[in-house]
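Novice: Have a look at this one before I ask anything.
The values are calculated or read from the model by the stated rules, or taken from the named source; none is laboratory data. Fair warning: this is a prediction, and the values are worked out from it, not measured in the lab. Cβ sites come from the backbone with ideal geometry, for glycine too, and all protein chains shown count toward neighbours. SASA here: full protein model, heavy atoms, side chains in, ligands and nucleic acids out. Shrake-Rupley method; radii C 1.70, N 1.55, O 1.52, S 1.80 Å.
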Amino acid sequence: MIVSNTGKYTVVSLLVNGSSQDIMIRSADTLLCTLRNQLGLTGAKQACGNGDCGACTVLVDGKPMHSCLLLTMEALNSGITTIEGLRHSPVRQAFVDNWAIQCGYCTPGFIVNGHALVTEHPDAEDERIEEWLQSNLCRCTGYQEIKDAIKSALNANNLLDSNGIDTAEQ
Amino acid sequence: MIPFNFDYFKPETLEEALKIYSSEWKLGKKVIYLSGGTEVITFARGGKMTFDSVIDLKGIPECTMLEMQGDDLVIGAAVTLNRLVESNHFPLLSKTVRTIADHTSRNKITIGGNLMSKLGYREGILPFLITDAIAVVYGPAGTEAMPVDNLAAAELAEGQFLTQVKVAASNLDLPFVSMKRTRSSKVGYPIVSLAALRKEGRIRIAFSGIHEHPFRSAVVEGILNDETIEDQQRIDKAIAKLPTNVTDDFIASKDFRKFVLNKLLTEMNAVWEGSR
Ligand SMILES: Cc1cc2nc3c(=O)[nH]c(=O)nc-3n(C[C@H](O)[C@H](O)[C@H](O)COP(=O)(O)OP(=O)(O)OC[C@H]3O[C@@H](n4cnc5c(N)ncnc54)[C@H](O)[C@@H]3O)c2cc1C
Ligand code: FES
Ligand code: FES
């Protein structure tokens, strides 16, 4: 059984972007707080804090989740991936190539969610893309470039064989 | 940031959860159960809820199981909405919960949390109301089963928590409709949400958004099944017999909710007609 207690800070081990880190947290800390304030991983953004905007999205065991609605304690035995761990994601490059960024505040959330979509559903159709992207809000773009970026990453993903090798270049 | 501290426990058995509840409660602490935790975190952050101890139910196998057992589908309280959609054991439930919140939130929101929510919508309960589902609760008196419609937080005894919901296999694949209208975008709380199915030639129907709580009404159902009157008359009569206090708030006025309900019932009739 996992326990952590009031008032005092508890030392816990968190697996973030493939490396295990020992940190001191309050039971009341959200994962978003811990990532930003304890681990200096500021890619996940604080915005609504209510699960409405997706700016804080991270992957927990590969599933996109709002880190503002997750206690750090709930994530202890899971693998967490933040935008900092997705430097080589094709979705990140697709956002650059498709000009899917203006102010950039929403971008990490979109890329993390998009990366999970491309990984879990490499043949995602419009309806599924729409359903997944409804979790993220952007106040600057008209969403079209973002959809284009996700679609181009899906297409590129389909050109990779199961070893991740680009078959289009062979 | 949540502006107060609390103890966090993640037990691995039902007995352990209850033991923690009892010992914390005896110390005069306010204890709450947590399944997905999204509402608990939002309310705590916004000052709408305080507590001293949290018991996370996600480590208890009974609360995370999702399987057929004999003649029942057994759904653990801590099963996420997306897991229900993906497994698709109960297509009406999958379709209904797929309209709750957004895809990312549904990786965290659980069916137990939705059923025990302090918010009035609790759309996940609609398919259970029309299939006479059974809620299984655990507490100081051991395991108890009750009709799912008794499941309002006020009716659970001190220390009791929801562990599972059971639906008879014979109710899983009946013809159904699930419809929802929100104010603007696809994601949002319902102006009206309804789930209906046909069993032995009769319509069973439950609603959310119209009233403070989701409901199924024998009177409304009786009228909607009265084949001696025309479709539109039936709908008008059913709407006239809605429970009083139709919700009137910033999402939609009382009259607009009735208007939307009228539209949805007309659409529902068209769907049933088409499938006949
Ligand atoms: C972005 C967003 C959009 C939403 N949209 C909708 C919508 O369209 N329709 C709708 O119906 N709802 C909607 N909701 C509300 C959501 O379904 C409820 O808030 C639900 O309670 C969240 O589930 P949870 O598992 O996270 O609950 P939790 O936060 O774990 O718990 C909620 C409440 O139930 C209690 N509880 C939890 N599990 C148990 C248990 N097993 N036994 C006894 N008590 C328990 C908790 O103590 C708490 O009081 C939305 C929520 C969000 C964040
Ligand atoms: S900050 Fe988490 S969803 Fe908006
Ligand atoms: S680019 Fe500014 S919010 Fe999306």
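Novice: In the list B:Leu66, B:Leu81, which residue meets the criterion of being in contact with a Lys or Arg (Cβ under 7 Å, 6 or more places away or on another chain), among the aliphatic types (A, V, I, L, M) and surrounded by fewer than 23 Cβ atoms within 10 Å (Cβ to Cβ)?
Specialist: None of the other options fit; the residue is B:Leu66.
Novice: Please name all residue pairs, on different chains or six or more residues apart, with Cβ atoms under 7 Å, provided the first residue is in the range A:86-107 and is farther than 15 Å from A:Tyr143 by Cβ and of a type in the set (Lys, Arg) and the second residue is modelled with pLDDT of 95 or more and more than 6 Å from ligand 3 (Cβ to nearest atom).
Specialist: Pairs that qualify, where the first residue is farther than 15 Å from A:Tyr143 by Cβ and of a type in the set (Lys, Arg) and the partner is modelled with pLDDT of 95 or more and more than 6 Å from ligand 3 (Cβ to nearest atom), are A:Arg92/A:Leu86; A:Arg92/A:Ile111.
Novice: Give just the number: which of (1) open to solvent by 40 Å² or more (accessible area, probe 1.4 Å); (2) within 11 Å of chain A (Cβ to nearest Cβ); (3) under 30 Å from A:Lys8 (Cα atoms); (4) part of a loop (DSSP other than H, G, I, E, B) does B:Phe51 not satisfy?
Specialist: For B:Phe51, the failing item is (1).
Novice: Quick one: which of A:Asn77, A:Asn98 is within 16 Å of ligand 3 (Cβ to nearest atom) and more than 14 Å from A:Val112 (Cβ to Cβ)?
Specialist: Selected residue: A:Asn98, the only one of A:Asn77, A:Asn98 that is within 16 Å of ligand 3 (Cβ to nearest atom) and more than 14 Å from A:Val112 (Cβ to Cβ).
Novice: Looking only at the range A:111-142, filter to residues that are more than 12 Å from chain B (Cβ to nearest Cβ) and open to solvent by 70 Å² or more (accessible area, probe 1.4 Å); which one of those is nearest to the chain's Cα centre (by Cα)?
Specialist: A:Thr119
Novice: Let me ask another. Quick check: is even one residue across the range B:101-123 away from ligand 1 (no atom under 12 Å from the Cβ) and not in a strand (DSSP E or B)?
Specialist: Taking every residue of the range B:101-123 in turn, none turns out to be away from ligand 1 (no atom under 12 Å from the Cβ) and not in a strand (DSSP E or B).
Novice: I'm checking my understanding of the structure. Among residues of the range B:58-79 that are over 18 Å from the mean Cα position of the chain (by Cα) and not in a strand (DSSP E or B), which one is nearest to B:Ile134 (Cα to Cα)?
Specialist: Applying the filter and picking the extreme gives B:Asp71.
Novice: With surrounded by fewer than 14 Cβ atoms within 10 Å (Cβ to Cβ), under 22 Å from the mean Cα position of the chain (by Cα) and within 13 Å of A:Thr72 (Cα to Cα) as the only criterion, which of A:Asp29, A:Asp22 stands out?
Specialist: From the options A:Asp29, A:Asp22, the qualifying one is A:Asp22.
Novice: For the range B:138-182, how many residues meet the condition of being open to solvent by 70 Å² or more (accessible area, probe 1.4 Å), in a strand (DSSP E or B) and polar (S, T, N, Q)?
Specialist: The total comes to 1.
Novice: Suppose we keep only residues that are among the small types (Gly, Ala, Ser) and within 12 Å of ligand 1 (Cβ to nearest atom) within the range B:1-45. Which one would you say is nearest to A:Leu69 (Cα to Cα)?
Specialist: Across the range B:1-45, the extreme among qualifying residues is B:Gly37.
Novice: Being among the hydroxyl-bearing types (Ser, Thr, Tyr), within 20 Å of B:Gly36 (Cβ to Cβ) and touching a residue at least 40 places away in the same chain (Cβ under 8 Å) narrows it down to one residue among B:Ser178, B:Ser117, B:Ser87, B:Ser170; which is it?
Specialist: B:Ser117
Novice: On to the next question. Got a sec? Which of A:Thr57, A:Thr34, A:Thr42 is more than 10 Å from every other protein chain (Cβ to nearest Cβ), more than 18 Å from B:Leu34 (Cβ to Cβ) and of a type in the set (Val, Ile, Thr)?
Specialist: The match here is A:Thr42.
Novice: Taking the range A:44-88 as the search range and keeping residues that are buried (at least 19 other Cβ atoms within 10 Å of the Cβ) and of a type in the set (Ser, Thr, Tyr), which one is farthest from ligand 2 (Cβ to nearest atom)?
Specialist: This residue is A:Thr81.
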